[in-house]
Amino acid sequence: TSGRLWETMTPYRKKDFFQGGYYHIYNRGVNRDPIFFSNENYNYCLKLIRRSLRRHDVAIIVYCLMPNHYHFILRQNSEANIADFIRDIFNPYVQAVNIQQHRNGTLFEGRFKHILIEKDEHILHLCRYIHLNPVKARLVSSPELWMFSNYLDWIGEREDTLTDMDFMVSNFQNGDSYRDFVMEYLVEKNLEKKIRKYMLEENLPEVSKPPGG
């Protein structure tokens with residue numbers, strides 16, 4: 001059901017991952033503290049992601065690395081476990097950052113969270129949500145200005161072998177149609193902000209916010 005999309009947030013167990021499943025994977029820094037301290041950190045993490053992709057049969061649909069959290073949408077292509085893919089990235093990453101920042105202990109608030117995405121329509125909206133994270137966080141004014149996601153790959157302005165483009169191609173005519181899909185949401189939100197002061201508070205719709213934003 002659609003409710004499960006945001007409610008299934010238990011720590012991973014091996015049986016939770018199966019071949020062909022699409023998963024939203026995310027985690028954030030302990031106490032919501034930063035997990036990336038410089039562009040060098042982002043680039044090192046991307047290097048680890050690339051290395052882990054060579055070792056595990058996983059497809060990256062969407063990724064976005066943010067100052068204090070990260071998002072992935074992943075597809076598990078075989079019986080190999082997504083958890084191993086994530087551990088191969090962030091175990092060495094945490095060790096390297098602890099040395100660099102002269103710190104000890106955990107960098108994240110716990111194990112990564114995962115959600116099985118059960119409907120294609122949910123995946124599409126989640127892709128848009130994740131790619132807009134840097135804009136919603138006011139880090140950039142438009143998603144193509146954030147270098148540490150694969151939005152540029154989706155809209156055809158960068159080619160990066162991290163991204164499996166089959167899902168995008170099967171759901172959008174081209175990069176421009178996906179850009180329109182993303183910008184449609186931004187325009188709607190901007191219009192809402194402009195008229196919000198003219199709206200009675202009790203008439204405003206309640207918006208449920210996905211985790212990690």
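The values are calculated or read from the model by the stated rules, or taken from the named source; none is laboratory data. All figures in this text were calculated on a predicted structure; none of them were measured in a lab. Methodologically, a virtual Cβ is constructed for each residue, glycine included, from the backbone with ideal geometry; neighbour enumeration extends over all protein chains shown. All accessible areas refer to the heavy atoms of the entire protein, side chains included, with ligands and DNA or RNA removed. Shrake-Rupley method; radii C 1.70, N 1.55, O 1.52, S 1.80 Å.
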Cut-off under 5 Å, modelled amide H: who pairs with Y22 long-range: I117
Sequence ranges 17-25, 129-137, ranked by mean other-Cβ count within 10 angstrom, highest first: 129-137, 17-25
Length gained when the stretch E184-N43 is fully extended (0.36 nm per residue, less Cα-Cα span): 47.7 nm
Efficiency of FRET between D120 and Q100 - r from beta-carbon atoms, R0 41 angstrom, step 0.05: 0.55
Solvent-accessible heavy-atom area per residue, rounded to whole Å², over region 1-155 at 1.4 Å: 46 Å²
Residues of region 75-94 with amide N under 20 Å of a point placed 7 Å along Cα→Cβ from D57: 75-89
Amide N proximity, region 58-93 versus R32 label position 7 Å along Cα-to-Cβ, cut-off under 18 Å: 66-71
Amide H partners (placed H, <5 Å) of V62, local residues excluded: I73
Under 13 Å, Cβ to Cβ, from N27 - net charge with Lys/Arg +1 and Asp/Glu -1: +3
Counted charge near D176, where neighbours are those whose Cβ lies closer than 15 Å (Asp, Glu -1; Lys, Arg +1): -2
